[in-house]
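The values are calculated or read from the model by the stated rules, or taken from the named source; none is laboratory data. Keep in mind it's a predicted model, so treat the numbers as computed, not measured. No Cβ is skipped: glycine too gets one built from the backbone with ideal geometry, and neighbour counts run over all protein chains shown.
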Amino acid sequence: MTLNLETITDVTYEQDLAVRTRQWDKTAFERTFRHEIGVTQDNVRIHYVVGGEGPLVVLLHGFPQHWREWRFIMASLAEERYTVVAPDIRGFGWSDKPFGSFDVGTVAEDVRGLTKQFSDRDVRLVGHDLGSGVAYAWAAAHPDDISRLVLIEGLPAGLEPRSAAIPMLRGKPMWHLAFGSTPDIPEILLADRERVLMEFLFRQGAYDQTTFSEEEIEAYVETFASLGGVRRPRPYPVDASERCAQQATGRAAPHNARACRWR
């Protein structure tokens, strides 16, 4: 059978549109979910949202978002009788933003330690964008923890093909990655202008430029503009590549990995 990727994209887009144009009922959401703070071994406070009962699903957000990106799917998963945990990984959202300690292995251990109180086995782990690297690092280092691994819009550093071979990157300059990885300059240039970058990323980086509402963008600007918000996990690209290369030595990708599909 031949798959028409354009048809699949159109169908997926229509499904997504139906969800994201739905009014979010915050009051109903907070009847099921609660906000909590966990503390890592190095005393970094990690904010997370948790709710539901059943097997554990952990949702890891991308850049420049935080837990909120999952709010619609969280409610659906809870209805399907899962325990759902959506953390703000260190440096993002309402979690602490320490100066260093942002390598992908450290961040993966943050999340692993945080979620052990709910389950230390049979975890369904979902990572989006930057969160996919964190998810893969966890699964590669502790494969017995993970029963399902889903990576969305992101490939583990060190395992990706050349950018020209990735359809989603063709014709899209990735200047913001280098910009964000430059010490001190983003903080200076973006002071009181954080929304300019957020709007550019959310508008120009989206298939549909109306995907993110003004309210949605403002929710992410609020934490990005907070103290330490621009100084995000800057070392991620280098440290992730080194660590994943080490993990991949003599080891295949986790056998239970799935690409963009819920199982």
- Item | Selection within region 31-78 - assigned to a helix (DSSP H, G or I) and touching a residue at least 12 places away in the same chain (Cβ under 8 Å) | Thr32, Trp67, Arg68, Glu69, Trp70, Arg71, Phe72, Ile73, Met74, Ala75, Leu77, Ala78
- Residue check, Val49 loosely packed, with under 14 Cβ neighbours inside 10 Å, touching a strand residue (DSSP E or B) at 6+ places or on another chain (Cβ under 9 Å), closer than 22 Å to Glu109 by Cβ and of a type in the set (Val, Ile, Thr): no
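Residues are listed down the side, and each one gets a yes or a no for (1) at pLDDT 85 or above; (2) in a loop (DSSP other than H, G, I, E, B); (3) not charged (D, E, K, R):
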| residue | (1), (2), (3) |
| --- | --- |
| Gly158 | no, yes, yes |
| Ala164 | no, no, yes |
| Met168 | no, no, yes |
| Lys172 | no, yes, no |
| Leu177 | no, no, yes |
| Glu187 | yes, no, no |
| Phe202 | yes, no, yes |
| Asp208 | no, yes, no |
| Glu216 | yes, no, no |
- Going through (1) under 19 Å from Leu155 (Cβ atoms); (2) surrounded by fewer than 21 Cβ atoms within 10 Å (Cβ to Cβ); (3) touching a Ser or Thr at 6+ places or on another chain (Cβ under 9 Å) one by one, Asp103 fails only at (3)
- So which of Gly127, Gly154 ends up being at pLDDT below 90, surrounded by 14 or more Cβ atoms within 10 Å (Cβ to Cβ) and not in a helix (DSSP H, G or I)? Gly154
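Yes/no per residue for (1) among the basic types (Lys, Arg); (2) modelled with pLDDT under 90:
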site: Thr12; (1), (2): no, yes
site: Arg22; (1), (2): yes, yes
site: Gly38; (1), (2): no, no
site: Ala75; (1), (2): no, no
site: Tyr82; (1), (2): no, no
- Note on the structure: Of (1) surrounded by fewer than 20 Cβ atoms within 10 Å (Cβ to Cβ); (2) assigned to a loop (DSSP other than H, G, I, E, B), Glu109 satisfies every one except (2)
- Select from region 198-215 the residues that are free of Cβ contacts under 8 Å to residues at least 60 places away in the same chain and surrounded by 12 or more Cβ atoms within 10 Å (Cβ to Cβ) and list them in ascending order. Glu199, Phe202, Arg203, Gly205, Phe212, Ser213
